[in-house]
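Written below as structure tokens is the structure these notes are about.
The values are calculated or read from the model by the stated rules, or taken from the named source; none is laboratory data. Model, not experiment: these values are computed from the prediction. Ideal geometry is used to build each Cβ from the backbone, glycine not excepted, and the neighbour counts take in all protein chains shown.
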Amino acid sequence: MTRPDAAPPCWHYAPAPHDGVELAHWQGTQVPLLQPHFHRQTQLSFVLRGSRVVEAGGQRFELRAGDCLAIPAGVAHRGLAHTHAGTVCLNVYAPAERTAAACVLDGQALDALEWHEPVSRIARRLGLGREAFTRRFAAQTGLPPHAWRLVDRLNVARERLRGDAELADLALELGFTDQSHLGRHFRRVFGVSPGRYRRGMRPPSQTS
């Protein structure tokens, strides 16, 4: 029996034998809610047992055992809270070209969004007001600009966590107030703490 104070099940990440491919595994009854986000990789979501509910690209998908959902890189999605005893899920993340916001922003504007140029200035360059730009951006990517920027920073953190960067230094470098601030957002989006993600992605020789 699970203790009342026990930590809830989380996603477990590990590298696959193929270069650049990640695996994430979840098993339990209460499938957790994940906040809207996107990945720089193509995601394949398999349900091996039980069921899972995912919103992606403005659609709702109810996945059951044997189902697989392919989510292209850059497409906003989220896992919904769902109860089904004995659920087992597997995600595969494979390298892919980034496509987020391609139909709204040209490459120059996307670079500006990544480098924190004010949204109003980007909108003016595209001949739009700030609110019109924000609506179009959200309609095309599934996330408003401020949320897109946050998730992009979390994706960078995820990549850097495969290396040796100190968590506190990484948090400040990416614009979070401290390590706890980074950790809260990381867990809400990826379903695991930064430290646990790093341990899962390291070879056994580095974790012993």
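Taken over region 56-86, the criterion of being in a strand (DSSP E or B), closer than 26 Å to residue 139 by Cβ and either more than 13 Å from the chain's Cα centre (by Cα) or free of Cβ contacts under 8 Å to residues at least 12 places away in the same chain (or both) is satisfied by 59, 60, 61, 62, 63, 69, 70. Cβ-Cβ distances below 6 Å connect no pair with a first residue in region 20-42 that is under 20 Å from residue 81 (Cβ atoms) and in the same structural domain as residue 190 (by TED's automatic domain parsing), a second residue that is in a strand (DSSP E or B) and aromatic (Phe, Trp, Tyr), and a separation of six or more residues or different chains. Pairing each residue of region 153-181 that is on the phi > 0 side of the Ramachandran plot with any residue that is surrounded by fewer than 18 Cβ atoms within 10 Å (Cβ to Cβ) and in a loop (DSSP other than H, G, I, E, B), provided the two are 6+ apart or on different chains, yields no C-beta distance under 6 Å.
Going by what's in this entry, would residue 195 be described as part of a loop (DSSP other than H, G, I, E, B) and more than 29 Å from residue 119 (Cβ to Cβ)? Spelling it out, it is not the case that residue 195 is part of a loop (DSSP other than H, G, I, E, B) and more than 29 Å from residue 119 (Cβ to Cβ). Scoring residue 184 on the criteria (1) modelled with pLDDT of 95 or more; (2) touching a helix residue (DSSP H, G or I) at 6+ places or on another chain (Cβ under 9 Å) leaves a single failure, condition (2). Identification of helices (runs of 4 or more DSSP H) wholly contained in region 88-164 with 2 or more residues that are charged (D, E, K, R), modelled with pLDDT under 80 and not assigned by TED's automatic domain parsing to the domain that holds residue 23 yields 107-114. Of all residues in region 12-52, those being in a loop (DSSP other than H, G, I, E, B) and surrounded by 15 or more Cβ atoms within 10 Å (Cβ to Cβ) number 8.
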